[in-house]
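The structure appears below as structure tokens.
Every number here is computed from the coordinates shown, using simple stated rules; none is lab data. From a predicted model like this one, the values you see are computed outputs, not experimental measurements. Neighbour counts run over all protein chains shown; Cβ positions are idealised from the backbone, glycine included.
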């Protein structure tokens, strides 16, 4: 059983398109995250949701819109895709938003390529 | 500025040898420090988590150390195996924010 699962694993699309990446966790965690890993391998947080409520929103273009229908799901919708959006996007989950001593579990990543 | 720096950027060792990876951080307020292993094409997987009061923690052949005074950590891998080939990422958690600050990772290649 996959703890944090993302779909799709690979996504190739043209500039200007709108696309979504889905994430689901079956760990019973109450906090979920989206991270972006750039070509230099740095992972940077984009968004964090705790119990369906947005708690972290880094400086991310408003073309990126996260949606959390319930605490087990956090989807990422991207409008008007640009070449610079090409990266690997990781979903993660943890208990209680990382406060204290909580473990974060990551999905396998979605490699987005914008052409 | 909250930052995590790792060295070396990449490392090649022979199977069976030991190695040590370094991590320096300037993160405040500090909650805990984690080492993750990321295999190619996979998400990061946690190896160890340490709070400021812990000096060392082991997970099998992986031993992490933490010096909260100098804000340095190391990850020591003993008797390396081919499966240890991966990126090792040092991550510092910012207290009360849920934010994780990632280093750029050290890419380790273990050769037979």
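Looking only at other chains, what is the average number of their beta-carbon atoms within 10 angstrom of each beta-carbon in A:42-49? Could the numbers behind the result be given before it?
Working: counts 7, 12, 3, 6, 0, 0, 4, 0.
Per-residue shielding by partner chains comes out at 4.
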- Task: Summarise the long-distance tail of P(r) for segment B:73-112 by giving the % of C-alpha pairs beyond 14 Å.
- Result: 56
- Just round it to a whole percent: the fraction of Cα-Cα distances in segment B:35-112 exceeding 19 Å. 37
- Geometric extent, Cα atoms of segment A:26-83 - Rg, Dmax (angstrom): 12.0, 35
- Please list the radius of gyration and Dmax for segment B:1-83, considering alpha-carbon atoms only, with Å as the unit. 13.1, 39
- Query: For segment A:56-109, what does the alpha-carbon gyration tensor say about shape, rounded, prolate or oblate, given a ≥ b ≥ c as the root eigenvalues, a/c under 1.5 as rounded, and a/b over b/c as prolate?
  - Reply: prolate
- Message: Taking 20 °C and 1.002 mPa s as the conditions, I'd like the Stokes-Einstein D for the protein assembly as shown in µm²/s, using the Kirkwood hydrodynamic radius from alpha carbon pairs.
- Response: 119
- Message: Using Cα-Cα distances under 8 Å and only pairs 6 or more residues apart, what relative contact order does chain A have, in percent?
- Response: 36
- State the Cα centre-to-centre distance between segment B:29-69 and segment A:17-58 in whole Å. 21
- Message: Quick check: pseudo-label points 7 Å beyond the Cα along Cα→Cβ at residue B:42 and residue A:27, how many nm apart are they?
- Response: 1.5
- Item | residue B:79 versus residue B:67: modelled label distance in nm, points set 7 Å from Cα along the beta carbon direction | 2.8
- Task: Determine the shielding of peptide A:3-14 by partner chains: average, over its residues, the number of Cβ atoms on other chains within 10 angstrom of each Cβ.
- Result: 0
- Under the 7 Å Cα-to-Cβ spin-label approximation, residue A:60 and residue A:103 lie apart by a distance in nanometres of 2.5
- For segment B:46-87, the Debye formula with one identical point scatterer on each Cα and no solvent gives log10 I(q)/I(0) at q = 0.15, 0.30, 0.31, 0.34 Å⁻¹ as -0.39, -1.08, -1.13, -1.25
- Item | Stretch gain in nm, segment residue A:73-residue A:7, where the contour uses 0.36 nm per residue and the Cα spacing is subtracted | 22.6 nm
- By Cβ neighbour count within 10 Å, fewest first, A:30, A:70 rank A:70, A:30
- Message: Please compute the Kirkwood hydrodynamic radius over chain A, one decimal place, Å, based on all pairs of different Cα atoms.
- Response: 14.0
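So for segment B:1-48, what percent of the C-alpha to C-alpha distances run longer than 13 Å?
Percent of Cα pairs beyond 13 Å in segment B:1-48: 71.
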- Express the relative contact order of segment B:1-83 as a whole percentage, based on alpha carbon pairs under 8 Å and six or more residues apart in sequence. 31
